[in-house]
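Reading through the structure tokens given below for one structure.
Computed from the coordinates by the stated procedures, all read-outs in this text should not be read as laboratory data. Computed from a predicted structure; not experimentally measured. Positions of Cβ are backbone-derived with ideal geometry, glycine not excepted, and every protein chain shown enters the neighbour counts.
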Amino acid sequence: MALLRCDFYSEVLHLSTSMTVILPQQTTTQVGKQNKMAGEKHQTLYLLHGFSDDDTIWTRRTAIERYAAPLGLAVVMPQVHHSFYTDMKYGNKYWTFLTEELPSIARSFFPLSHEREDNFVAGLSMGGYGALKWALNRPEQICAAASLSGVTDIVSHVNKSGREEVFRLIFGDEDIAGTEHDLFSLIEKTHENELKPLLYQCCGTEDFLYEDNIRFKELCDKTNYNLTADFGPGDHEWGYWDKTIQDVLAWLPLKNQ
């Protein structure tokens, strides 16, 4: 595998930003790793960070590079700060950056597939919310999305959070219930659509977001949404996410696996 920290300019954000990227590399003599190339254009996992982190965190806190190596899977990890993957009311357009500019720029730099069936998204906490939001709003771009300890009920999270000023910068004074930001509303609106992403959800039973995640699963069950759910012991911490990202990779509908 090749591991790159890529600094580049974003026309959408009007600033220089970064992404951390893992690219497949076929090797036969590397000790301790089985690397694989799955094709000329790589299947791609967009892997999203949480509220207090950045694009480097997945490589610093987990063994994602080692886990992706035998799969021939590219992993793109962008930087979005405290945006909740949203075009902020008082800030930058991180939703437009994530869903439009980032894939285009990444594909211009690296041999990544543009086909829907080759593109996946996953994330933890705030990133779990971003992953589900992207897939449910743009199912023509993403075929599978995974949330690890995700903020599944953004409406409740905003209302009870102690970070009111942060969310005012993101959403302003708007009531976001029923909007494109509300995952529960998106499930209700899209469950009968012909084009729907596969969804994966996990959350530890000791996690402060556990109850919200249970309610999200119950809604998906009620609407017959294609959701794979995994709940078991665990808290909001990296030991849990290092383990469950391996479950996510095993679940992804990868070719030639």
Kindly express, to the nearest 10 degrees and within the range 0 to 90, the angle between helix 210-222's C-alpha long axis and the longest C-alpha principal axis of the chain. 90 degrees
Past the 28 Å Cα-Cα mark, which pairs from K133/K243; K93/K222; K89/K217; K41/K222? K93/K222; K89/K217; K41/K222
Please work out the FRET efficiency for the pair A2 and H82, using the Cβ-Cβ distance as r and a Förster radius of 25 Å; give the result to the nearest 0.05. 0.25
For the chain, what does the helix formula give at 222 nm: sum of -39500 (n - 2.57) over DSSP H segments with n ≥ 4, over the residue count, nearest 500 deg cm²/dmol? -8500 deg cm²/dmol
Return the long-range amide H neighbours of T62 (sequence gap of 5 or more, or a different chain), with a cut-off of under 5 Å between placed amide H atoms. none
Using Cβ counts within 10 Å as a stand-in for footprinting exposure, how do T29, T56, T17 rank, fewest first? T29, T56, T17
Note to self: Kirkwood Rh of the range 38-174, Cα pairs, one decimal, Å, is 15.4 Å
Can you give the log10 of the normalised intensity I(q)/I(0) at q = 0.07, 0.16 Å⁻¹, computed with Debye over equal Cα scatterers of the chain? -0.22, -1.23
Nearest 10, in degrees from 0 to 90: the angle of helix 126-137 to the longest Cα principal axis of the chain is 90 degrees
Computed Rg/Rh for the range 107-257 (Cα atoms; Rh = Kirkwood radius) stands at 0.97
